[in-house]
Amino acid sequence: MNRKALFPGSFDPFTKGHEAIVHKSLTLFDEVIIGIGFNASKTYYFPIEKRIEHIKSLFKNTPGVRVLTYSKLTVEFAKENNAFHIIRGLRDGKDFDYEKSIALMNKDLNEQIETVFLLTDNIYGAINSTIVREIHKNEGGIEKFVTNSHLL
Ligand code: ADP
């Protein structure tokens, strides 16, 4: 059986924390789809084309990883792709409270789809896309937090 999971997010940008979650997911699933959620009413900092190119570069030699974009309900996108698990990463209790609500509501929307939480490793626990964006806006280096950051 091909065990497939969806790792959804805005990934603006995709950090070393996200990267580590994908590698952990590959120990549990045969295939991981990284789904870049795209909401027309939201503004993003890094252009979508750059985010796709960046994420693809990180996994070009990793079998079992696919990078796709979507702009619909996450559970719908998961179902369409036969992914019955959604992966979310947790850094702390604040992430957990937020993620728990999303997971429970997603469960109400589609009871076949289970959310799996993976705890971040200590070294990535402070990495946050919002702060990475602020550093980049202020012309600081983000390479400590983002692999292949030159592609963004
Ligand atoms: P969203 O916009 O859906 O919250 P993000 O791109 O911010 O998406 O994050 C996607 C997922 O990755 C979320 O589950 C988030 O909690 C998790 N995440 C974010 N940063 C880290 C990190 N440093 N380590 C592990 N997981 C993380």
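Which residue is nearest to R133 (Cα to Cα), if the candidates are limited to region 7-59 and must be among the acidic types (D, E) and not in a helix (DSSP H, G or I)?
Only one residue fits best here, namely D12.
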Problem set entry | Residue check for E19: among the charged types (D, E, K, R) and open to solvent by less than 50 Å² (accessible area, probe 1.4 Å) | yes
Exercise. Limited to region 27-49, what total is found for residues that are surrounded by fewer than 18 Cβ atoms within 10 Å (Cβ to Cβ) and either at positive phi or of a type in the set (F, W, Y) (or both)?
Worked result: 3
Exercise. Which numbered condition trips up I52, out of (1) closer than 16 Å to V146 by Cα; (2) open to solvent by less than 30 Å² (accessible area, probe 1.4 Å); (3) aliphatic (A, V, I, L, M)?
Worked result: (2)
Problem set entry | helices (runs of 4 or more DSSP H) contained in region 71-152 and holding at least 3 residues open to solvent by less than 100 Å² (accessible area, probe 1.4 Å) and among the small types (G, A, S) | 93-109
Exercise. Given L26, L6, which one is more than 9 Å from the ligand (Cβ to nearest atom), under 21 Å from G125 (Cα atoms), touching a residue at least 24 places away in the same chain (Cβ under 8 Å) and not β-branched (V, I, T)?
Worked result: L26
Problem set entry | Cβ-Cβ under 7 Å pairs, at least 6 apart or on other chains, region 120-138 side in contact (Cβ under 8 Å) with a residue 12 or more places away in the chain and within 14 Å of the ligand (Cβ to nearest atom), far side open to solvent by less than 70 Å² (accessible area, probe 1.4 Å) and among the acidic types (D, E) | S129/D12; R133/D12
Seminar exercise, completed: Per the list (1) part of a loop (DSSP other than H, G, I, E, B); (2) open to solvent by 50 Å² or more (accessible area, probe 1.4 Å), residue check on T62 breaks on (2)
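The values are calculated or read from the model by the stated rules, or taken from the named source; none is laboratory data. Being a predicted model, the structure only gives us computed values, none of them experimental. Positions of Cβ are generated from backbone atoms using ideal geometry, with glycine treated the same way; all protein chains shown enter the neighbour counts. Surface accessibility is based on the protein's heavy atoms, side chains included, excluding ligands, DNA and RNA. Shrake-Rupley method; radii C 1.70, N 1.55, O 1.52, S 1.80 Å.
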